[in-house]
Amino acid sequence: MANELIINVTPHETRAALIENGLVTELYTERGHKTGYVGNLYKGRVLRVLPGMQAAFVDIGLERASFLYVTDVYQNQLGDFSFFLSEEDKEDILEEDPHEEAAETGDLFETSPPVQETTRQEMHIEDLLKEGQEILVQVVKDPLGTKGPRVTMHASLPGRYLVFMPTVNHIGISRRIEDEKERQRLKKIIQKIKPPYSGFIIRTVSMGKTEKELKADMDYLLKLWDDIQTRMGQVTAPVLLHQDLNLTLRLIRDIFTNEVSRLVIDCPKEYEKVCAFIETFMPKLRNQVFLYQEREPIFDAYRIEVQISEALGRKVWLKSGGYIVIDETEALTAIDVNTGKYVGQRNLEDTILKTNLEAVKEIVYQLRLRNIGGIIIIDFIDMERKDHRDKVFQTLLEALKTDRARTNILKISELGVVEMTRKRTRESILRTLCEPCPYCEGKGYVKSRQTVCYEIFRQLQREKQDLRGSKIVLHLHPDIAGLLYGQEHSSLETLEQECGRPILIKTRPDFHIEQFEITSY
């Protein structure tokens, strides 16, 4: 089944879904009042330098200050320092560079050049930055939860075929270009046409492109960088210098490749912009863009709304009857695998292995769909046999090859636990589309009715001497009242005897289930 990019545009929100084999694998949302900042360049002002953390906070004009780590400081930009990578260091940089994975995600273009560990240890943030200093920074990670954005001074500008890195003298090539002859051809072209002491990543879509096409993309990026530098000298921090493309054009630039057979969009105005963009940068794909004009909403027609709703649930059922439970916290995401209703056919070990193998594919799919990043702990069902653990681990590695986000995985433990990280640059679906429950305040639980009843009893014991009047009145939620009238009725009568006064119950449907008030008259 063909891969499709479906885009829904309204005045207040833009949503896009990448569909692979009939399933939504990636979902992107951009709302008018809350757009992403990744890729934007700012002239910022250093607010605080923190030697103990080897980092600095930089004001870039957003609600929260941005965070700049010492290895993301580009010293040439500061004027008083020489670039911390020596020529010898530059020669030691491997051809396979972390940038190239970033270039494939479409969300993050990480700009810190690889440095040797000894070099990192020699750098001290207090020697590089001073409070009040104005610097050029680029956002590499959106604000997440209570944290401000992460920034770097190593800017990178993505084009259609190349990513320009003005602070790094390096050429990187996407690992997805596997043909060695093509890799060498592209590298020779870039070496020939690139300016001295500048870096470029050759993206996957560069395969088969001519020198003329690559040169045009490079010239565009160089001109864009010159314009940013010119504006840098004309304005006062904090100020936005360059804003990345909107969500629609950004996805077309980064995701709409030959692997995507159709792009369908439901907004005529945005459709015209898309067509103009494609005519300029990728005319060969013009016939793969379609305007959706049916009455049924586009996300309903492609069954995307249903899959979004399912992606917000904790429990995901497997075809065999097993299930996985996904719990996102601020520190990490825990994924638990269970056999559920699946009882197997042969023996326990085979049942466990089959459930774990089935769970692997679903877990990788859910990581992409929900955009879960950071630290991830996967608790597979315990496997006694080492060959079974190895098989599950290898299956996980193979499944993750379809994920554009960079991942690091540790070996599966004897308890069946896998620790891994997945690159995170924006909020997950859960944090984007939901907010903490006003009842449980994000805990995921509320106190049981019985617990609330006993809290009321204890509070009555504390206050009975201070309450004036002939009657005591309990104001509480109807569910708590029901328990007091029923199962806890005898306990209530005992309290009435202790207080020497009748206790009246007044239900308050507007109360939180844990809320109550004690009065008297």
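The values are calculated or read from the model by the stated rules, or taken from the named source; none is laboratory data. Values in this document were obtained by computation on a predicted structure and should not be read as measured data. Cβ atoms come from the backbone with ideal geometry, glycine included; neighbour counts cover every protein chain shown. We work out accessible area using only protein heavy atoms, side chains counted, and drop any ligands, DNA or RNA first. Shrake-Rupley method; radii C 1.70, N 1.55, O 1.52, S 1.80 Å.
Backbone geometry of segment 141-147 corresponds, through the Karplus equation with coefficients 6.51, -1.76 and 1.60 at θ = phi - 60°, to 3J(HN,Hα) couplings of 8, 5, x, 10, x, 8, 8 Hz, x marking Gly and Pro. Sorting 491-504, 127-140 by average packing, meaning the other beta carbons within 10 Å per residue, from highest down gives 127-140, 491-504.
What does the convex hull of the alpha-carbon atoms of the chain project to on average, in nm²? Write out the running numbers ahead of the final one.
Numbers: hull surface 136.0 nm².
Projected area, direction-averaged: 34.0 nm².
Of all lysines in the structure, the ones whose alpha carbon falls short of 28 Å from that of residue 447, not counting any fewer than 8 places away in one chain, are 315, 464, 471, 506. What shape does segment 179-265 take by its C-alpha gyration tensor, where a ≥ b ≥ c are the square roots of the eigenvalues and a/c under 1.5 counts as rounded, a/b above b/c as prolate, and the rest as oblate? Since a/c reaches 1.5 but b/c is at least a/b, the shape of segment 179-265 is classed as oblate.
Computed from Cα positions, the angle between helix 489-499 and the longest principal axis of the chain comes to roughly 70 degrees. The stretch between residue 375 and residue 435 holds 19.5 nm of extra length on full extension. This uses 0.36 nm per residue minus the Cα-Cα distance.
At R0 = 60 Å, how high is the FRET efficiency between residue 279 and residue 384 if r is their beta carbon distance? Nearest 0.05 is fine. For R0 = 60 Å, the calculated efficiency reads 0.50. The H on the amide N of residue 40, modeled in the peptide plane, is under 5 Å from the matching H of 139, 244, each at least 5 residues off or on a different chain.
Here the Karplus relation 6.51 cos²θ - 1.76 cosθ + 1.60, evaluated at θ = phi - 60°, turns the backbone of segment 209-225 into coupling constants of 7, 8, 4, 5, 5, 5, 5, 4, 5, 5, 4, 4, 5, 5, 5, 4, 5 Hz, with x for every Gly and Pro.
Of the accessible area of the chain, computed with a 1.4 Å probe over protein heavy atoms only, carbon and sulfur atoms account for 50 percent.
Compute for segment 250-290: radius of gyration divided by Kirkwood radius, i.e. Rg/Rh, restricted to C-alpha atoms, rounded to two decimals. Please list the in-between numbers first.
Numbers: Rg = 9.3 Å, Rh = 10.2 Å.
Rg divided by Rh gives 0.91.
Going by the alpha-carbon gyration tensor, a ≥ b ≥ c the square roots of its eigenvalues, is segment 280-413 rounded (a/c under 1.5) or, if a/c is not under 1.5, prolate (a/b greater than b/c) versus oblate?
Numbers: a/c = 2.18, a/b = 1.77, b/c = 1.23.
It is prolate, given that a/c is not under 1.5 and a/b is the larger ratio.
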